[in-house]
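Structure first, then comments.
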Protein chains: 2
Amino acid sequence: MAETERQNYQVRVAFRIGYLGTSFFGSQFQPRDRTVEGEIRQACIRAGLFTDTREGRLAFSGRTDRGVHARCQVIAFSTPYPDRARRALPGQLPPDIWVDAFCEVPDSYSPRRDVISRTYRFYFHEMPENPALMKEAAKLFLGKHDYSCFARVEPGKDPIRSITTINVHIEEDCCWIEVTAPSYLWHMVRCMAAALTRVSSGLLTLEELEVMLTGRCSNKVKPAPPDGLILWEITDQLPWRPVPPLKRTFKLHADAAADHQLMARVHRILSPGL
Amino acid sequence: MAETERQNYQVRVAFRIGYLGTSFFGSQFQPRDRTVEGEIRQACIRAGLFTDTREGRLAFSGRTDRGVHARCQVIAFSTPYPDRARRALPGQLPPDIWVDAFCEVPDSYSPRRDVISRTYRFYFHEMPENPALMKEAAKLFLGKHDYSCFARVEPGKDPIRSITTINVHIEEDCCWIEVTAPSYLWHMVRCMAAALTRVSSGLLTLEELEVMLTGRCSNKVKPAPPDGLILWEITDQLPWRPVPPLKRTFKLHADAAADHQLMARVHRILSPGL
């Protein structure tokens, strides 16, 4: 059957995508602001993959906030033209969203429900004052806890979450945490990162952190800034097929990395007394 | 005489200032856009140093374009309250302009005319492909040349300029040129930087560059981006007295350097295949 002929059945397809969060008001669709979901919808419509958003049933494995990046986010939608989707979608997306892998999935597939676990990395803006203490504090998050003090808990949501792994990585000029869990609450990883910074700076004790992890808190933790947070990995059992990256994606990152490197240097040399 | 009593005479004062060019539409006053001159005027008025701009006779040692930074720019204005100017101006300026030194000057002082030479640094976004060739090309700019091919020459301006020194500095992960001259044309250093990049990449020969320096060019050079350019030093004979830097200036640069460092890293790790 020719692809141009309208097919009567819909195929559900999944993509593993990445994006730079800087210029998005988060992943989730908003009528007036630029969002990852809004851009993907438009790209799908431009590529003729669906015309009606409801028919397309575009879904994400999870929300990311304004300014948060993704190295690996899973999306799914339904289209009569799965091959065209794989071929045409990458080129229709704006440069700050890119495709990493593709697969066809059962019609019942939901990226939110069918993903086993999500891994985030949070890159700290500054090196921790006490790395050993930060590592000790990180261990307290392991297992099942009440995250009421470390999240914006939406009404009706269970504040109990389970952290499978959490590690503090420290390199010469860089520190990050990597956290894996089946699911998270809103702002959770950024609040965890902020709490770890407070412990490392001596503003919060391990004992206080333990109490907060039972859900009892007078002061909630303020989330760390979003630009250090990356949705890093999604664990699922799909038969992903890699999609070759576009040249423009390499160029975007290489140019932006060089620009930021330059501005970091400009600020260092403009600082008084240098 | 009490300072609050209106003095009948005006004193001309000079300041050595620095600024981050990123959020300014250049140094020179524009009625609608944010400029360095506009902010300094406002700060002087807030500090009560003058009320009428004409009376203040605010002057700069030279213009910088939109996005260009200054480590050392010289400004001068007239006020009945020179002591108050030295004490109050630094705190009245926005965080992206800072004061480095102060002195009282003769009433006839003009920072444009009385400055002996100006030094710029241009930091390249990328390491040169052929550093040795770039260094050789840089030497060709030394002395007196016609910069018609390397500038936006305003009507009636002499395109002949003299470069006193030019050096290419290469460090492990960073390359810049430092140029000193009594005066420059519009876009001149950025065009010189762009030409050096073209030579280093094999897109322009030394012979072609030599011809262009006689003023004969079919294609003008496109200026390199402004964010790598810094007005670095001003040579004059004024008896400068240092003004202690404000804490917020250190903080601005430290925070921004950390943010840019982080985003450079985010881009590197988000690049496909890593």
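The values are calculated or read from the model by the stated rules, or taken from the named source; none is laboratory data. All figures in this text were calculated on a predicted structure; none of them were measured in a lab. Positions of Cβ are generated from backbone atoms using ideal geometry, with glycine treated the same way; all protein chains shown enter the neighbour counts. Keep in mind that these areas ignore ligands, DNA and RNA; they rest on the heavy atoms of the full protein, side chains included. Shrake-Rupley method; radii C 1.70, N 1.55, O 1.52, S 1.80 Å.
Computed about the Cα centre, the dipole magnitude for chain B is approximately 540 debye when only Lys and Arg (+1) and Asp and Glu (-1) carry charge, each at its Cβ. Remark: the protein assembly as shown carries a charge dipole of roughly 980 debye about the Cα centre, counting +1 on each Lys and Arg Cβ and -1 on each Asp and Glu Cβ. Counting 0.36 nm for each residue step from A:SER23 to A:THR214 and taking away their Cα separation leaves a gain of 65.1 nm.
For chain A, a Gaussian network of Cα nodes joined below 10 Å ranks A:ARG161, A:ARG16, A:ARG241 by mean-square fluctuation, and the top entry is A:ARG241. Taking Cβ atoms as reference points and 10 Å as the exclusive limit, the residues near B:SER110 contribute a net charge of +3, counting Lys and Arg as +1 and Asp and Glu as -1.
Largest GNM mean-square fluctuation across B:PRO111, B:PRO244, B:PRO159, computed for chain B with C-alpha springs under 10 Å, falls on B:PRO244.
Our coupling estimate for the range A:153-164, obtained by passing each phi through the Karplus curve with A = 6.51, B = -1.76, C = 1.60 and θ = phi - 60°, is 7, 6, x, x, 8, 6, x, 7, 9, 10, 8, 7 Hz, Gly and Pro reported as x. Shape summary: chain B maps onto an equivalent ellipsoid whose semi-axes, from the alpha-carbon gyration tensor, are 37, 24, 15 Å in decreasing order. For the range B:150-274, the calculated P(r), taken from all Cα-Cα distances in 5 Å bins from zero up to the bin holding the longest distance, is 2, 7, 13, 16, 15, 14, 12, 9, 7, 3, 0, 0 percent. Here the gap between B:LYS222 and B:THR53, fully extended at 0.36 nm per residue and compared with their Cα-Cα distance, gives a gain of 57.2 nm. Cys residues of the protein assembly as shown that find no other Cys beta carbon under 4.7 Å: A:CYS44, A:CYS72, A:CYS103, A:CYS174, A:CYS175, A:CYS191, B:CYS44, B:CYS72, B:CYS103, B:CYS174, B:CYS175, B:CYS191.
Annotation: amide H-H contacts under 5 Å for B:ASP100 (H modelled 1.01 Å from N, sequence separation of 5 or more, or interchain): B:ARG16, B:ILE17, B:GLY18. Surface composition of the range A:4-81: carbon plus sulfur atoms contribute 45% of the solvent-accessible area (1.4 Å probe, protein chains only, all chains present). Could you list the trypsin sites (Lys or Arg not before Pro) in the range A:19-56 that lie in coil according to DSSP, counting only those with at most 11 other Cβ atoms within 10 Å of their Cβ? The qualifying sites are A:ARG32.
For B:GLU126 and A:GLU136, what does the FRET efficiency come to when R0 = 41 Å and r is the distance between their Cβ atoms, rounded to the nearest 0.05? The pair B:GLU126/A:GLU136 has a calculated efficiency of 0.45. Taking amide H as placed 1.01 Å from N in the peptide plane, the amide H of B:THR35 sits under 5 Å from that of B:PHE25, B:GLN30, each at least 5 places away or on another chain. Just check the range A:95-149 against the gyration tensor rule for me: Cα atoms, a ≥ b ≥ c as the square roots of the eigenvalues, rounded for a/c under 1.5, and otherwise prolate or oblate depending on whether a/b exceeds b/c. Note, shape of the range A:95-149 comes out oblate. Remark: the range A:126-224 carries 52 Å² of accessible area per residue (probe radius 1.4 Å; ligands, DNA and RNA excluded). When the alpha-carbon atoms of the range B:126-224 are used, the pair Rg, Dmax equals 12.7, 43 angstrom. Can you bin the range A:62-115 into rounded, prolate or oblate? Criterion: square roots of the alpha carbon gyration tensor eigenvalues sorted a ≥ b ≥ c, rounded for a/c under 1.5, prolate for a/b above b/c, oblate for the rest. Cα axes put the range A:62-115 in the oblate bin. Counting heavy atoms of the protein chains alone, A:ILE269 has an accessible area of about 40 Å² for a 1.4 Å probe. Between the listed residues A:THR235, A:LEU58, A:THR165, the Cα displaced farthest toward the positive end of the dipole of chain A, a dipole computed from Cβ unit charges relative to the Cα centre, is found at A:LEU58. With R₀ set to 25 Å, the beta-carbon distance separating B:TRP186 from A:ASP33 gives a calculated FRET efficiency near 0.05.
Global dimensions of the protein assembly as shown from alpha-carbon coordinates: Rg and Dmax equal 28.7, 97 Å. Could you let me know the centre-to-centre spacing of the range B:227-258 and the range B:90-123, using Cα atoms, in angstrom? That distance is 11 Å. Computed 3J(HN,Hα) for the range A:37-46, one whole-Hz value per residue from the Karplus formula 6.51 cos²θ - 1.76 cosθ + 1.60 where θ = phi - 60°, is 4, x, 5, 5, 3, 4, 5, 5, 5, 4, glycine and proline marked x. Between the range A:169-189 and the range A:44-81, the C-alpha centres lie 25 angstrom from each other. Mean residue ellipticity, 222 nm, helices only, the protein assembly as shown: the sum of -39500 (n - 2.57) across DSSP H runs of n ≥ 4, divided by residue count and rounded to 500, is -9000 deg cm²/dmol.
Only alpha carbons enter this Debye calculation for the range B:9-61, each as an equal point scatterer, and the log10 of I(q)/I(0) it gives at q = 0.15, 0.19, 0.23 Å⁻¹ is -0.43, -0.68, -0.97. Overall shape: oblate for the range B:218-274, with the ratio a/c of the largest to smallest alpha carbon gyration tensor axis at 1.5 or above and b/c at least equal to a/b. When +1 charges are put on Lys and Arg Cβ atoms and -1 charges on Asp and Glu Cβ atoms, the dipole computed for the range B:125-199 relative to its Cα centre reaches about 420 debye. Ordering B:PRO95, B:THR35, B:GLY48 by the projection of their Cα atoms onto the charge dipole of the range B:1-102, which places +1 on the Cβ of Lys and Arg and -1 on the Cβ of Asp and Glu, puts B:THR35 at the extreme positive end.
Across the range A:255-264, coupling constants 3J(HN,Hα) worked out from phi with the 6.51/-1.76/1.60 Karplus curve, θ = phi - 60°, read 5, 5, 4, 5, 4, 5, 4, 4, 5, 4 Hz, and Gly and Pro carry x.
Ranking B:ASN219, B:TRP176, B:PRO155 by Cα position along the charge dipole of the range B:126-224, where only Lys, Arg, Asp and Glu carry charges on their C-beta atoms, puts B:PRO155 farthest toward the positive end.
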